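A.B. asks: Here you go, one structure.
We did not get these values from a lab; they are worked out from the coordinates using the rules stated. All figures in this text were calculated on a predicted structure; none of them were measured in a lab. In this analysis, Cβ positions are derived from the backbone assuming ideal geometry, glycine residues included, and neighbour counts consider all displayed protein chains.
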Amino acid sequence: MFAFPKQLRLRRRPEFTRTMDNGTKIVTPYLVMIGRRSSGPASRIGFIVSKKVGGAVTRNRVRRRLRELFRTLPDRPLGMDLVVIARGQAVDASYEALGQALTMALSKVRQRLEKDAARALAQSVSTSG
């Protein structure tokens with residue numbers, strides 16, 4: 001059985017809003033990814049698929065595809081909270097194109113968060129010395 005346990009998901013509104021308010025945003029044609037560092041060891045992800053994308057069946061199909069793509073990532077990031085917002089074009093995207101958009105957005109979020117952490121470390125060192 002393929003499971004996506006609750007520990008790996010953002011489930012409550014405060015978790016989503018905290019990530020969206022304090023995170024780094026990456027926009028692709030198929031999705032918007034917002035990520036931030038979390039205190040936990042595992043990465044958690046939440047999906048937002050609005051009615052703009054389509055009816056309930058369409059939204060659930062897009063959500064299932066995105067969830068499966070994240071679940072099967074070979075190098076899932078550690079210690080991040082991610083919010084993925086599906087865009088209208090995600091409905092017609094092939095599985096491969098959606099996967100490429102997800103991995104590209106994830107790598108860009110990682111790079112930005114590492115750059116921000118290095119910048120914050122350099123600032124703290126320069127102000128304390």
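A.B. asks: Across the range 83-100, which residue is surrounded by the fewest Cβ atoms within 10 Å (Cβ to Cβ) among those that are part of a helix (DSSP H, G or I) and in contact with a helix residue (DSSP H, G or I) (Cβ under 8 Å, 6 or more places away or on another chain)? So that I can check it myself, show each step before the final result.
C.D. replies: Taking the range 83-100 and keeping what is part of a helix (DSSP H, G or I), we get 88-90, 95-100.
Among the residues that remain, those that are also in contact with a helix residue (DSSP H, G or I) (Cβ under 8 Å, 6 or more places away or on another chain) are: 90, 95, 98-99.
On the way: 90: 26, 95: 10, 98: 21, 99: 19.
Taking the candidates together, the pick is 95.
A.B. asks: Residue 62 fails exactly one of the following numbered conditions: (1) loosely packed, with under 14 Cβ neighbours inside 10 Å; (2) free of Cβ contacts under 8 Å to residues at least 60 places away in the same chain. What is the number of that condition?
C.D. replies: Single failed check for residue 62: (1).
A.B. asks: Please find, within the range 13-29, the residue that is nearest to residue 44 (Cα to Cα) out of those that are buried (at least 16 other Cβ atoms within 10 Å of the Cβ) and touching a Lys or Arg at 6+ places or on another chain (Cβ under 6 Å). Full working, then the answer.
C.D. replies: Just the residues of the range 13-29 that are buried (at least 16 other Cβ atoms within 10 Å of the Cβ), to begin with: 15-16, 18-20, 23-24, 26, 28.
In the following step, the residues that additionally are touching a Lys or Arg at 6+ places or on another chain (Cβ under 6 Å) were identified as 19, 23-24, 26.
Numbers: 19: 11, 23: 13, 24: 15, 26: 17 Å.
Top of the filtered list is 19.
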